[in-house]
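*Asks:* Quick one: structure below, then a few questions.
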Amino acid sequence: MPTIDQIKSNMRSTWMAGDFGVVAKTISGSAEEFVARLALPPGTRVLDVATGTGNLALPLARSGCVVTGVDIAPNLLEQARERAAAENLTIAFDEGDAEALPYADASFDAVVTMFGAMFAPRPEIVVTELARVLVPGGTLAMANWNPASFTGLMFKLGSKHVPPNPDIPPPVLWGDDATVRGRLASSFNNIHTQLIPIDFDLPFAAPGVVDFFRKYFGPTQVAFSKLDPAGQAAFAADLEALWSEHNVSPTPANHTLVRNQYLQVIALRP
């Protein structure tokens with residue numbers, strides 16, 4: 001079995017593959033809505049864990065928060081810095097691991113993460129770290145894909161073609177209400193969860209959507225790279241069928257609209 005260092009190295013390579021920034025743009029509006037619901041006051045010190053290209057960090061900074069973003073993928077951080085500079089926003093973007101955050105205890109008033117910390121391999125360590133860097137009374141806000149979501153179905157399909165490491169819990173368990181409450185219970189209280197709708201809205205038919213994710217979304221690109229040509233063809237066909245089945249666009253020949261959802265989790269550090 002791979003060591004934890006090998007697992008982390010593979011994760012970094014996976015998220016550096018493709019160009020997640022292109023994918024992130026398709027859900028940036030939902031990230032802004034997530035930030036708006038939090039309504040954190042100006043001056044709040046916020047850490048965005050697994051910030052990616054800054055989908056949460058930028059609107060938080062626009063609202064007057066003092067923002068730090070951390071991620072394992074340096075190429076995504078570079079894009080985040082470029083986006084912040086283009087808007088004259090002051091945001092610190094650091095390379096780092098959700099399981100070993102490079103910050104002192106009680107450094108932040110709020111910690112946020114959207115489709116990010118859920119991918120770290122050891123949930124119990126993630127919880128400890130998220131709590132550690134928060135001040136007492138600080139807020140944790142997570143957006144996690146849940147098993148019943150369309151993304152959950154995509155992950156399940158991917159696992160059928162490329163079996164995951166059985167020692168790593170499926171990331172979508174972070175979107176299961178009972179599981180996330182159990183994980184947070186030792187370090188947080190006042191845990192509130194809510195399913196939030198989010199659309200995948202793309203200007204392609206289903207085959208084009210599969211090509212889009214295969215080109216730009218690191219986990220999909222890496223999964224395909226592990227298959228032989230026949231396996232790649234079978235995986236692509238199954239993905240096309242899944243996207244087609246869930247496409248509610250009135251013009252499916254050139255447009256894909258899929259209703260998705262995630263679990264919003266808000267909790268306080270005692």
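*Asks:* Carbon and sulfur atoms: what percent of the 1.4 Å accessible area of the chain do they account for?
*Replies:* Details: 6660 of 11800 Å².
Accessible surface attributable to carbon and sulfur in the chain totals 56 percent.
*Asks:* Given a 1.4 angstrom probe, what's the average accessible area per residue across the range 1-70, in square angstrom?
*Replies:* The answer is 42 Å² per residue.
*Asks:* Still on this structure, I have one more. Which values, in whole Å and largest first, are the semi-axes of the equivalent ellipsoid of the range 187-237 obtained as the square root of 5 times each eigenvalue of the Cα gyration tensor?
*Replies:* Equivalent-ellipsoid dimensions as semi-axes: 32, 17, 9 Å.
*Asks:* Might you report the magnitude of the Cβ-based charge dipole of the chain about its Cα centre, with Lys and Arg at +1 and Asp and Glu at -1, to the nearest 20 debye? It would help to have the intermediate numbers written out before the result.
*Replies:* Numbers: 19 positive and 27 negative charges, 50 e Å.
Charge dipole of the chain: 240 debye, to the nearest 20.
*Asks:* If I build a Gaussian network model for the chain, linking alpha-carbon pairs within less than 10 angstrom, which residue out of 211, 109, 167 has the largest mean-square fluctuation?
*Replies:* 167
*Asks:* Springs between alpha-carbon atoms under 10 Å, Gaussian network over the chain: tell me which of 60, 239, 134 tops the mean-square fluctuations.
*Replies:* 239
*Asks:* Would you mind giving the three semi-axes, in whole Å and largest first, of the ellipsoid equivalent to the range 91-156 according to its Cα gyration tensor?
*Replies:* They are 24, 13, 11 Å, listed from largest to smallest.
*Asks:* So what's the projected area for the range 60-174, the Cα convex hull averaged over all directions, in nm²?
*Replies:* 8.4 nm²
*Asks:* May I ask you to give the average projected area over all directions of the convex hull of the Cα atoms of the range 135-270, in nm² rounded to one decimal?
*Replies:* Details: hull surface 38.2 nm².
For the Cα atoms of the range 135-270, the hull's average projected area reads 9.5 nm².
*Asks:* Once you compute Rg and the Kirkwood Rh from C-alpha atoms, what is the Rg to Rh ratio for the range 151-195?
*Replies:* Rounded to two decimals, Rg over Rh is 1.08.
*Asks:* At what distance in angstrom do the alpha carbon centres of the range 6-28 and the range 57-127 lie from each other?
*Replies:* When both Cα centres are located, 14 Å separates them.
*Asks:* Using helices alone, I'd like the mean residue ellipticity at 222 nm for the chain: each DSSP H run of four-plus residues gives -39500 (n - 2.57), total over residue count, nearest 500.
*Replies:* Using -39500 (n - 2.57) per qualifying helix, the result is -13000 deg cm²/dmol.
*Asks:* What number, in percent, do you get for the relative contact order of the range 22-171 if the mean sequence gap of Cα pairs under 8 Å and at least 6 apart is divided by its residue count?
*Replies:* It rounds to 20 percent for the range 22-171.
*Asks:* For the chain, count the residues as N, evaluate 2.2 N^0.38 Å, and divide the Cα radius of gyration by that value, please.
*Replies:* 0.98
*Asks:* Just the number, please: Stokes-Einstein D of the range 1-96 in µm²/s, Kirkwood Rh from C-alpha pairs, 25 °C, 0.890 mPa s.
*Replies:* In µm²/s, the coefficient rounds to 178.
The values are calculated or read from the model by the stated rules, or taken from the named source; none is laboratory data. Bear in mind the structure is a predicted one, so any value in this text is a computation, not a measurement. Cβ atoms come from the backbone with ideal geometry, glycine included; neighbour counts cover every protein chain shown. Note: accessible area is taken over every heavy atom of the protein model, side chains too, but ligands, DNA and RNA are not part of it. Shrake-Rupley method; radii C 1.70, N 1.55, O 1.52, S 1.80 Å.
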